[in-house]
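Structure record follows, encoded as structure tokens.
The values are calculated or read from the model by the stated rules, or taken from the named source; none is laboratory data. What you are looking at is a predicted structure, and each value in this text was computed from that prediction instead of being measured. Note: ideal-geometry Cβ built from the backbone for every residue, glycine included; neighbour counts use all protein chains shown. Only protein heavy atoms, including side chains, enter the accessible area calculation; ligands, DNA and RNA are left aside. Shrake-Rupley method; radii C 1.70, N 1.55, O 1.52, S 1.80 Å.
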Amino acid sequence: MIADLERDFMRIELDAIDRRILALLQSDAQLSSAEIAERVGLSQAPCWRRIKRMEENGVIRLRATLLDRKKLGLNVLVFAQVKLAAHGRATLPEFEETVRQLPEVLECYTLMGATDYIIKVVARDVETYEHFFREKLSQLPAVRETNSAIALSEIKHTTALPLSLLEEPDWPARTTKTR
């Protein structure tokens, strides 16, 4: 388990070409390695090796197709803050495993502070969410309290990570004054 945690937090060194490859894949995962190679100025084989290395290191976790939830009739997006009644050794893993199995839950995060978890839930309508809340979420044995907030509108939604944050800052290094 410690080895898994170390691997998860190990930062992978990426150069400018790697970052350009990642930016292209984030914008269109269907691009072939030949198309990516041409756009980043590499031949196909080295480009493919870079992509493969980033997949093996876990930088690229998955290539997926993003669906439009509203066009599919999933019109309600809810953020539910969950407080657990107890924080025993088995309680947290049991809650987390149960939440992983709920198809309505898109994301779940452990929080520090007054709320233990925040979950992102999708539903067809408010009634469908109410059913999910009454029959599933509130019935979990460890749940003490839930506060739900329905998103009224989507201001920004992206799955693209800001790769520019990986670049070295261009500000000068701090200098200390001597007296």
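Worth a mention:
- In the chain, a dipole from Cβ-located charges (positive for Lys and Arg, negative for Asp and Glu) runs towards its positive end, and of LEU137, LEU106, GLN26 it is GLN26 whose Cα lies farthest in that direction.
- Amide proton proximity set for TYR117, modelled H, under 5 Å, gap of 5+: VAL82, LEU111
- Length gained on full extension, ALA16 to LEU163, computed as 0.36 nm times the residue gap minus the Cα-Cα distance: 51.9 nm.
- Measuring between alpha carbons in the structure, the pairs from LYS120/LYS156; LYS83/LYS136; LYS52/LYS120; LYS70/LYS120 lying more than 24 angstrom apart are LYS52/LYS120.
- Estimated [θ] at 222 nm from DSSP helical runs (n ≥ 4, -39500 (n - 2.57)) normalised by residues in the chain, nearest 500: -10000 deg cm²/dmol
- Mean accessible surface per residue for the chain, computed with a 1.4 Å probe while every protein chain stays in place, in Å²: 77
- Per the Kirkwood formula applied to alpha carbons, the stretch 42-94 shows a radius of gyration over Rh ratio, Rg over Rh, of 1.26.
- Tilt relative to the chain, helix 91-100 - C-alpha long axis, 0 to 90 degrees, to 10: 70
- Relative contact order %, the chain, counting alpha carbon pairs below 8 Å whose residues are six or more apart: 22
- With every protein chain in place, the chain: carbon and sulfur % of accessible area (1.4 Å): 54
- Between the helical axis of 44-56 and the longest alpha-carbon principal axis of the chain there is an angle of about 40 degrees.
- Using the Cβ-Cβ distance between ARG61 and LYS156 with R0 set to 22 Å, the FRET efficiency from 1/(1 + (r/R0)^6) comes to roughly 0.50.
- Taking the C-alpha atoms of the chain, convex hull volume expressed per residue in Å³: 225
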